[in-house]
Structures are given as structure tokens and as C-alpha cells.
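Colleague: Below are the C-alpha cells for one structure; questions will follow.
The values are calculated or read from the model by the stated rules, or taken from the named source; none is laboratory data. These figures come from a predicted structure and were not determined experimentally. Cβ sites come from the backbone with ideal geometry, for glycine too, and all protein chains shown count toward neighbours. For accessibility, only protein heavy atoms count, side chains too; no ligands or nucleic acids. Shrake-Rupley method; radii C 1.70, N 1.55, O 1.52, S 1.80 Å.
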Amino acid sequence: AGPPLEQVSIAEPLASGGQTCLSPQAWEFVKDCVIEDVLIKGRPEYHLLSRMDESKYTFPTIKHAAIENDNRADCQFKLSELNVIRRYIPSNVFRQIECGTLVYVNEMRNISVIFINGAGLDVMSSKGANTAQELMVSVQKACYQHEGTLNKFLIDDKGMLFLLVFGLPPLVHTDDPTRAVLACFDMVKIFKKLDLVGRFGVTTGRSYCGVCGSARRMEYTVLGDVVNLSARLMSSAKPQSILCDGATKNRSSTELIFNALAPIKVKGKGNWIPVFEPVKKDASVQIGIFPTPPPSQEKKTHFKIRFPWYDAPFGGGALAGRNSNRQSSIQQLNVQRLCSVKTWEGIVRVQQMLGGTFEKNIHQGEQDIPTGPPVLKAPAKSPFSDGGVVVLESAAGMGKTELAEHMVAYAASKLAMLPAFGTMGPRPGDSVRLAAELLRSCLGMFRALDPSGEMPADDYDALQKLAPSDLASASGLKQALKDSSVKDKSDEILDSALRVAISLMQTLVKRTAIVLVLQFEYGTSLFPKTLEDQAIFWRVVSRLSELVKTEMQSGKAAGHKPLVMLLVCREADETNPAVQIARANDSFIHLSGLTDENIVEYTGNYLNVPAAMVPLPVRQFVAKVTLGNPRHIRETIDQLLENCIQVHTGANKQPKHLECKDIDKIDISSWQHTAMVGGTVCLLESLDPLQAAVLKMSTCFDGSFTLP
């Protein structure tokens, strides 16, 4: 940024093909050794060059002097000084340089590209320069939060130009198109906050990713039709709007809705280009227990439970085209099939705390939740009897969400425990959503306890009636309930919501038992330790655990009902007071893979056939490739059903025979759209080059080997 770029932007249009135009400032340095061409009408201060003044200098003389005075080699960084320039080199290129494998950085890969044009600021003024710096920092932060890469940015007379890329190693994800669009939504808010105009173009496809240039000067960049189209879409976008191509739309998750716009003509394309404008799906206002209209012949209000994972892709990205109602049906089927595995360690431990046995009918359709006295009694000294903390910890896909749903549904239908929810993830900056879920689900419990309909339908109005006036009027709560994606003053909003939620639950436990579900999930993110959200989540858990601890110590004596905190996470914070309570009371459950016996039973459940009908080759294949991960088992069976296995039914439509063929010819490398294969490939991409090389070589050797 600065005068030189402004001068170039003026000089370049004044020169025709083959001509060189100099600004007044540049002319002062060369006017004694060149001959000027014709004067430029209207801009006499700019000068066109005709040729060198050979009466004073010759080309060989100039060239020799340039070579003689070239000291660039003396100023080059040595490999030992590489860390000094680390922040100026893309991380994957830096690691390749470190390992001496830069030749392998060039490749064709699927990426999502964002071009951003920013206008409305004058970088020559002190205020404009400060605004440009703030914009740059904010765009970088939004990009890095979604684990993308800022490839380059430029500033000229037309404004600021950013090129962001999602899918470059080591930051490769199966949901990069979704991440790119969500990052754009965050950046639109940044432009609006700074009172600037932003235009965004997003495309997805296969492009060249690598270095361009000579050994003296090279740059890591992305090239190809996908990159060019992104720039064209950016130019066609309206202020503060995002345009996407069809590939981005087709590969995005259900977190986004795409509105088709009129096709457009762009430079370099003969055909009309379909374009789409993404819209972020609104968070569901129905979280926890909520009333539903009764059938016409009944007057009694019915209540149902809405789980937050029906709307947010906690498993790492819901499939495109799947609506939330279908998602809930599939999730309920998953609960039935997995929790029906009688010897699975997870369901065995959970039923020991709940009492009774697993019942499928609890998870069939939208079951009515009774609001009367409990049907059963939880076992003595169980958290569901005396209050406490239960922790469900596991890697992605191991069944913790299915177990959590069963625990909540069973506790509500059998033990008369009403649910409250607060979830974060898998996208960054979800602390306000956690706040909104806590408030809405607490209000839902009040409505279930008082079905007369006297409570205001509007959540904020209901807060004013139920919470202490000094808490209910806290700033930001109304905005959070209206738009849970807001990020401004998120810490303040979360703090206010926690104080209100704690106050509401202190009132509720006098009337009903509560199961409070808190979940943190980081989806397909590869470096969750860098996420601020993880620290925020555990701070929330610490504050709410104080209420749980108080109720465990004195709640029963005061006539209060049990309060259970259920934590669902991948890696529990062992220093957190709530986790320590669970450890002390033997209510910490770590889920590992299913056993071979469990896999066979779960495979039978998923195929709706007896376990004994599953052929040995299918059993062995599923166990070998999935390592007992329930989600991977589902994905594997879905793929096998397409080509390799078929369930034959009899006249009574009952399974008669399971046919298996060509299972030894399957190429699972074609399953990159699955979390099992795609997620593993992304994990491999995140390795250092040397680690990746060792891993690849290990697949070729039977015995041990060493590297030089």
C-alpha cells in the first residue's frame, strides 16, 4: 500500500501494448539516460519511454553494472535462519522446505476458493490505514477459526483484494466447502461493522496448488478455472453478498440453504454459469421439552423433546439435502440399532445408572413426554437418584450422542426428569448459541410444569416474568434469543445467560428433577486445541458444576429434586471440577470401539437381519476396516449395500438370506465422501512430510525399517 501502487494504477492504463509509462517520481531517477516518447495528453506529468539514450549508456554497460552490484545472494536467508521468516511462508511449504521435500509441494487437489473485494476505505489516510489493518486482522482471524488459509492480499486504487483457500495441507477437511461459506458469513459481519463494502465469490473444484516462478523468486499459489471463476463471481456479487457455484452448493452440509439466482455470463466462459446465494440456516427455537398442539379430540397439551444435534452436524457435517426432520428420524434409528446391542459396554454402563433395560419404543417417532410422577425409580447412589455428573467421552462416531439421547429420553419418560441443553460446535464462535439453548430449554421446563398457557409465548417476555428483574434485563439476552449466531459481546451475553439459567434452575429443582446436557464438539477440525471455544466451554461447565455440587450436598435435605449434569465431549478436561466429580462417583464413561461380537450384532441390527445371517466375509471385512467405530460401520454397510451385499426376503417380507459377492474386490479409496475414509485422508494430510513419508513406506514393507 502507498504512493507507488497509486502511481502504478494511474500509469498502467496510459501505456499501450509494448509501451512503458513512468510516474513523475520514477521519471526523476531516469530522465538523464532515456529519451522520452510523445507527450501524454491530459497527463503531461506522466512520461512514455521511447528508448535508452545510447549516447550516454549502452545495454551491455547497464547489464554489467547490474550484475556487478547485485548483492542479493549475500542477503539470502540460510536454512538455519528459516524460522525468522516462518510467518511469511505458508505452513505446508515451510514444512516441505524444512524436510528438503519442496519438490513434492506441487499437486492437483480439490479446494474451495474465496475471492473477496473490499471497498470504501482510503489507505493513504491514517484512519484508512488503521481500518485496513483492522480489516486484515479480522479477516485472518475468521479464516483461521474455520481452519482455512489466507493465500494473498492486495491493496490498490480499487480497494483490498483477498484470496482465501480451504483444503490446502495441512488444513484439509471433508467439509471444506461448508467451512468456506461459513467463514464468508463471519466476514460479511466484519465488513458491516467497519462500514465497508465487501463482495464474496466462492467456488469448489480441482486446481493446481504449488509454487510458481524461478529458483530466485517463487510463490506458493493456486491456479485454474475454479480460481478464475471465484474472482468472476466476486465481481458479480452485490455489496455484502456471497455468490457460490454449483459445486460448492452440492458439497455443502445442511447448515446452509442455497437460493438459485439467474445464471450469469462471465469472462472466459461461453456458457451461462449457474450461481447461488447461500443463507445460513436459523437455529431451531425448539430446544429441550416443548409443547405441541393436541389432537382435535383432546384438550391436554402434549410435550416432546427436541435434541440440538438434530439441527447441528455434531458428527462432522450433515449430508447435503438432508432436512432436520429426516435427520431426527435417522438419529432415532441409530439410537435403536446401537443401544440394542445388549453386551455393548456403553449401554451396559448407562442402564446401570438409569435402572431397567433399553426399550426401543422410547425412540420411535415423536414420543409424548409425561409430566406426571416418575414411572420407575433410579438405582440408589446413582447420579439419577441423588444428583451428580455423568461424562461421556469418546472419539467421533463412537456412539456418545446416541447414548446421550437415550439417557435423556429414558430419564424423561421413566424418571420424570426434564432436559436442559447447552451445546457448542462444531463451528467456531458458538458460545451465544449455548447461551440461547440454556435459556430456551429452561423456559421449556417451566412451560411443561405449567401447561395452562399463562406463560408468554415470546421467550424474552417469559424471561422477564420468571427471572429476577436485575438478571432478566441484562444486555444482550434479547439479541441472543433472536439471533444465536451473533458474535459481538459474546462473552458478556454468555455470562448474563449463565446467571439467568442458574437462577431459573435453582427454582426448577424445587419442582422437578433435571438432566442438564452440555456438549462440545469440534467436528472435522484438526487443531481443536487452538480453538478459544474449548476453553469457554469448560469455563461454563465449571460455573454450572457449582450448582450441581451444591444440590448434591444440600438439595435432598431441602426437598429438592435431583440435578444431573451430562457432559458429552471427545476429550474431557481432567482438571475440571465436574469431571472430577464424575471420576469420584464412577460415572465417567469412556467409549472405545465395539468388540467383534458387538460388531456382528450391530451389523445385523443395521441390516434388519438376525446376527447369525451375517456371512463370515462381511463380518471380517467390517471389523477390519472400521475398527469397531459405529459410525464407520454404518458407512461401510451403506457402501456394501450398493454393490456387494443384498438382503433377500421371503413371501412374508422377513429376511431369508443375505447374499455377499466380490467383497474382496472393493476399493475403499473411492469412499472419500465418508467420514471413515475422507477423515483418515484429511488426518494424513495434516502430518509433517517426514511423518507422511514414513507412514507411506510402512505400507510397503513387512518388517521394520530405518530412515537415513
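Colleague: Which of the peptides 379-392, 338-351, 266-279 is most tightly packed, and how do the rest follow, judged by the mean count of other Cβ atoms within 10 Å per residue?
Modeller: Result, highest mean Cβ count within 10 Å first: 379-392, 338-351, 266-279.
Colleague: At ILE502 and SER592, where each label point lies 7 Å from the Cα along Cα→Cβ, what is the point-to-point distance in nanometres?
Modeller: 3.8 nm
Colleague: Which order do the peptides 559-567, 126-134, 34-42 come out in when sorted by mean C-beta neighbours inside 10 angstrom, highest first?
Modeller: Output ranking for 559-567, 126-134, 34-42: 559-567, 126-134, 34-42.
Colleague: Just how far, in whole angstrom, is the stretch 352-368 from the stretch 535-599 if you go by their alpha carbon centroids?
Modeller: 21 Å
Colleague: To the nearest µm²/s, what D does Stokes-Einstein give for the stretch 1-67 at 37 °C and 0.692 mPa s, using the Kirkwood radius over alpha carbon pairs as Rh?
Modeller: Estimated diffusion coefficient is 252 µm²/s.
Colleague: Right, here's the next one. In a Debye calculation with equal point scatterers on the alpha-carbon sites of the stretch 502-569 and no solvent, what is log10 I(q)/I(0) at q = 0.14, 0.25 Å⁻¹?
Modeller: Those come out to -0.50, -1.07, one per q.
Colleague: So what's the stretch 549-599 giving for Rg/Rh, alpha carbon basis, Kirkwood Rh from the mean inverse pair distance?
Modeller: Over the Cα atoms of the stretch 549-599, Rg/Rh equals 1.13.
Colleague: Peptides 490-498, 607-615: what's the order by average Cβ count within 10 Å, highest mean first?
Modeller: Sorting 490-498, 607-615 by mean packing, highest first, produces 490-498, 607-615.
Colleague: Starting from the Kirkwood radius over alpha-carbon pairs of the chain, derive D by Stokes-Einstein at 20 °C in a medium of 1.002 mPa s and give it in µm² s⁻¹.
Modeller: The estimated diffusion coefficient comes to 73 µm²/s.
Colleague: Summing -39500 (n - 2.57) over the DSSP H runs of n ≥ 4 in the chain and dividing by its residue number, what mean residue ellipticity at 222 nm do you reach, to the nearest 500 deg cm²/dmol?
Modeller: -12000 deg cm²/dmol
Colleague: Let me ask something else. Quick one: if you stick a label point 7 Å off each Cα along the C-beta vector at LYS624 and GLU492, how many nm between them?
Modeller: About 6.1 nm separates the two model spin labels.
Colleague: For a test of the definition: using alpha carbon positions, the gyration tensor, and the 1.5 limit on a/c, classify the stretch 71-217 as rounded, prolate or oblate.
Modeller: Note, shape of the stretch 71-217 comes out oblate.
Colleague: Mind jotting down the distance between the C-alpha centroids of the stretch 68-103 and the stretch 470-500, whole Å?
Modeller: 47 Å
Colleague: Another question, then. For GLY388, which sequence-distant residues (separation of 5 or more, or a different chain) have an amide H within less than 5 Å of its own amide H, given hydrogens modelled in the peptide plane?
Modeller: LEU563, VAL564, MET565
Colleague: When a/c is below 1.5 the answer is rounded, else prolate if a/b is larger than b/c, else oblate, so apply that to the stretch 1-119 with a ≥ b ≥ c taken from the square roots of the Cα gyration tensor eigenvalues.
Modeller: Judged from the Cα gyration tensor, the stretch 1-119 comes out oblate (a/c at least 1.5, b/c at or above a/b).
Colleague: Using only the Cα atoms, what convex hull volume per residue in Å³ does the stretch 464-589 have?
Modeller: Here the figure is 127 Å³ per residue.
Colleague: Any idea which of THR401, PRO468, MET455 is furthest toward the positive side of the dipole for the stretch 390-487, if Lys and Arg beta-carbons carry +1 and Asp and Glu beta-carbons -1?
Modeller: THR401
Colleague: Between ILE264 and residues 5 or more places away or on another chain, which pairs have amide H atoms under 5 Å apart, with H built 1.01 Å from N, and which residues are they?
Modeller: The list, which skips near neighbours in sequence, is ILE273, VAL275.
Colleague: May I pose another question? Separation of the stretch 644-708 and the stretch 208-269 by C-alpha centroid, Å?
Modeller: A separation of 32 Å, based on Cα centres.
Colleague: Now for a different question. Kirkwood Rh over Cα pairs of the stretch 509-659 into Stokes-Einstein at 20 °C, 1.002 mPa s: D in µm²/s?
Modeller: Approximately 112 µm²/s, per Stokes-Einstein.
Colleague: Excluding ligands and nucleic acids, what accessible area in Å² is computed for TRP27 using a 1.4 Å probe, to the nearest 10?
Modeller: Near enough 30 Å² of accessible area.
Colleague: What residues qualify as long-range amide H neighbours of ALA416, i.e. H under 5 Å apart, gap of 5 or more or another chain, H built at 1.01 Å from N?
Modeller: VAL375
Colleague: Sticking with this one: Taking the stretch 433-521, how many lysine pairs are there with alpha carbons less than 19 Å apart, if each pair must be eight or more places apart or span two chains?
Modeller: The number of close lysine pairs in the stretch 433-521 is 5.
Colleague: In nanometres, what is the gap between the two model label sites at GLU134 and ILE264, each 7 Å from Cα along Cα-to-Cβ?
Modeller: In this crude label model, GLU134 to ILE264 measures out at 2.9 nm.
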